[in-house]
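A.B. asks: First the structure, then my questions, so here it is.
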Amino acid sequence: MIIETYNRDETYNLGKKLGEEAGKGEVYCLSGDLGTGKTVFTQGFARGLGILEPVNSPTFTIVSEYEEGRLPLYHFDVYRIEDIEEMEEIGYEDYFYGEGVCLVEWAELIKELLPDNPVRIRIEKDSDKGFDYRRITVENHW
């Protein structure tokens, strides 16, 4: 599925819709260059789960936990992972195979650790179509 958004609100609302539909144990892999709107999408996703607290990228903490929604959200940013063992040290399996929903930025860096059927979301910019234009591809396979 390919969705085109033309402003932050549309990107946020797409994230919100997917968050509303998310189920326990699902893993969403989010990719896109810096500045493409991954955080905006994630904020909408969290809101769709009923999470009201502020959501930011966990760049320096690897994982942020949000427990207040209808399902817990575990938001990973694995961009700075230097060794796959770092994921084992934080207990990634408890998150990936637990009671919540995982959203993993830069998931391609830990592809071998991901469950068999993650939802892949790729956000791309196209400056020819406008500054806020995003092409968002949602696939149910890697």
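A.B. asks: Give, to the nearest whole percent, the P(r) tail of region 9-125 beyond 23 angstrom, counting all Cα pairs.
C.D. replies: 20 percent
A.B. asks: Follow-up question, since we're still on this one. Under a 1.4 Å probe, what is the accessible area of the chain per residue, stated in Å²?
C.D. replies: Accessible area per residue: 53 Å².
A.B. asks: Which of the peptides 69-79, 25-35 is most tightly packed, and how do the rest follow, going by the mean number of other Cβ atoms within 10 Å of each residue?
C.D. replies: Details: 69-79: 20.7, 25-35: 17.1.
By packing density, highest mean first, the sequence is 69-79, 25-35.
A.B. asks: Taking the highest mean first, how do the peptides 52-62, 129-139 order by number of other beta carbon atoms within 10 angstrom per residue?
C.D. replies: On the way: 52-62: 13.4, 129-139: 15.1.
Most protected by this proxy first, the peptides run 129-139, 52-62.
A.B. asks: Using helices alone, what [θ] at 222 nm do you get for the chain, with -39,500 (n - 2.57) per DSSP H run of 4 or more residues, divided over all residues and rounded to the nearest 500?
C.D. replies: -7000 deg cm²/dmol
A.B. asks: Go ahead and run the numbers for FRET between Tyr6 and Glu68, Cβ-Cβ distance against an R0 of 25 Å, rounding to 0.05. Don't jump to the answer; show the numbers that get you there.
C.D. replies: Values: r = 31 Å, r/R0 = 1.24.
Efficiency at R0 = 25 Å is approximately 0.20.
A.B. asks: Name the residue farthest towards the positive end of the dipole of region 25-139 from the options Leu73, Phe45, Thr59, assuming +1 on Cβ of Lys and Arg, -1 on Cβ of Asp and Glu, about the Cα centre.
C.D. replies: Phe45
A.B. asks: Under the √(5λ) rule applied to the eigenvalues of the Cα gyration tensor, what semi-axes describe the equivalent ellipsoid of region 1-59? Give them in Å, descending. Display every interim value, and only then the final one.
C.D. replies: Working: eigenvalues 55, 38, 31 Å².
Here the semi-axes work out to 17, 14, 12 Å.
A.B. asks: Now for a separate question. How many Lys pairs in the chain lie less than 17 angstrom apart by Cα atoms, where the lysines are 8 or more positions apart or on different chains? Could the numbers behind the result be given before it?
C.D. replies: Values: Lys16/Lys24; Lys16/Lys38; Lys17/Lys38; Lys38/Lys125.
The number of close lysine pairs in the chain is 4.
The values are calculated or read from the model by the stated rules, or taken from the named source; none is laboratory data. What you see is a predicted model; the values in this text were computed from it and never measured. Reconstructed Cβ throughout: ideal geometry from the backbone, glycine too, with neighbour counts over all protein chains shown. Each accessible area value is taken on the protein alone, full model and side chains, heavy atoms only, with ligands, DNA and RNA left out. Shrake-Rupley method; radii C 1.70, N 1.55, O 1.52, S 1.80 Å.
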